[in-house]
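To start, the structure under review is shown below, and the notes come after it.
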Amino acid sequence: MKYGPAVRRRKLGAELRTLRVQAGLTSGETARLVGWHQSKVSRIETGRSGVKPSDVLRLLDAFEARDPRLRELVIALAGGDEAGGHHWWHAYRGLLPPAYRDFISLESQACRIRTLETSVVPGLLQTPEYAHAVTRSVLNGASDQHIDALVEVRLARQDVLRAEPPLRLTAVLDEAVLRREVGGSGVLRRQLAHLAEAASMPHVRIHVLPFSTGGHIGLTGPFVVFSFPNTSDLDVVVLDHLTSSLYLERKEDLKAYTDAFDALLLHARSPEDSLEFIAEIAG
């Protein structure tokens, strides 16, 4: 299995290797430019070794990589930002497992997310009370303080929908998502109203798969496809399990899941019909 931290290192190393080749440099020439041993450059490029954000900056400068979005993406994969600091989720390092931190890192830098959900509303579209009810259900027995902190993280993640430029989100929701009374009927009703409000944003598209669709490829379970600006080589599929997340990065896996998502869109209601359907259920 390929887990978040290893995936992020491999993605970062592959992108740095691509930038080095584009700059016309060998790994030995790069090492001399930044004052390292060649083996360090090799370990970074193959994902066998982590790298500090400050070291990534040195490499980007050596490669004369000036594109702001590309620099931001590559530095974020190393866990930092251009100013040498850390992103907001580092304040929760003691609370969040590494795979979840890497999921948030990928989410924060993606330009597009396609997600299938079969049980609950996607985290990026949850209301605070719905998020609290979901978290409480999953972590039965956790302290109120722990639950509140995790909900705080989930709500902070939603800032990507208000960023500039905003994340483009396409969500396919099984009808079961709209009918499962997480937290009770009142919580669900307000959550459905929030879905309708979110769908009014031009960069958010919600498609509902009604029960009448019958069997479909999404019955195998939920998944998320991350896509990134400037390059498709960083795209990744994430499958959530009870105790871990599986990251798929092979081109054949990416194609299989993007094809599956496109097939789901053919069976799902249009965004306009989906909004009417959500309003009908809420009523």
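For the chain, the longest principal axis of the alpha carbon atoms and the long axis of helix 128-138 meet at an angle near 80°. For segment 98-205, trypsin sites (Lys or Arg not before Pro) are listed when DSSP marks them as loop and at most 16 other Cβ atoms sit within 10 Å of their Cβ; the list is 162, 180.
Express as a percent, rounded to the nearest 5, the fraction of DSSP beta bridges in segment 126-283 (both residues included) that run antiparallel. So the antiparallel bridges in segment 126-283 amount to around 55 percent.
Computed from the Cβ-Cβ distance with R0 of 41 Å, the FRET efficiency linking residue 93 to residue 273 stands at 0.45. Comparing 176, 142, 260 in a Gaussian network model of the chain, where Cα atoms under 10 Å apart are tied by springs, the biggest mean-square fluctuation is seen for 142.
Diffusion coefficient of segment 39-172 by Stokes-Einstein, Kirkwood radius over Cα pairs, 10 °C, 1.306 mPa s: 95 µm²/s. Residues of segment 248-270 falling in the label zone of residue 112, defined by backbone nitrogen less than 16 Å from a point 7 Å along Cα to beta-carbon, are 254-266.
Note on residue 240/residue 55: beta-carbon distance plugged into 1/(1 + (r/R0)^6) with R0 of 22 Å gives a FRET efficiency of 0.10.
Shape summary of segment 168-279, radius of gyration then Dmax from alpha carbon positions: 15.2, 43 Å.
Evaluated at q = 0.13, 0.15 Å⁻¹, the base-10 log of the normalised Debye intensity for the chain, with identical point scatterers placed on the Cα atoms, takes the values -0.92, -1.15.
For segment 1-70, GluC sites (Glu not before Pro) are listed when DSSP marks them as loop and at most 13 other Cβ atoms sit within 10 Å of their Cβ; the list is 64. Distance between the modelled labels on residue 48 and residue 119, one decimal in nanometres: 3.9 nm (7 Å Cα→Cβ projection). Considering only alpha-carbon pairs that sit under 8 angstrom and 6 or more positions apart, the relative contact order computed for the chain is 20 percent. Helix content alone sets the calculated 222 nm mean residue ellipticity of the chain: runs of n ≥ 4 DSSP H residues at -39500 (n - 2.57) each, divided across all residues, give -15500 deg cm²/dmol. Relative intensity of segment 127-205 on a log10 scale, I(q)/I(0) at q = 0.17, 0.27 Å⁻¹, equals -0.78, -1.30, per a Debye sum over C-alpha point scatterers of equal strength in the absence of solvent.
The local environment of residue 268, defined by Cβ-Cβ distances under 14 Å, has a net charge of -4 under the rule Lys, Arg +1 and Asp, Glu -1.
Between residue 152 and residue 137, the distance separating the two model label sites (each 7 Å from Cα on the Cα→Cβ line) works out to 2.5 nm.
Considering only lysines 8 or more places apart in sequence, or on different chains, count the pairs in the chain whose C-alpha atoms sit under 26 Å apart. Counting lysine pairs in the chain gives 10. Against the chain, whose longest principal axis is taken from its Cα atoms, helix 271-282 shows a tilt of about 50°. So what's the angle, to the nearest 10 degrees on a 0 to 90 scale, between helix 185-199 and the longest Cα principal axis of the chain? For helix 185-199, the angle is close to 50 degrees. With a Förster radius of 45 Å applied to the beta-carbon distance between residue 32 and residue 255, the computed FRET efficiency rounds to 0.70.
A short reminder: the numbers here are calculations on the coordinates, not readings from a lab. Quick caveat, the model's predicted, so the values are computed rather than measured. Note that we place each Cβ from the backbone using ideal geometry, even for glycine, and neighbour counts take in every protein chain shown.
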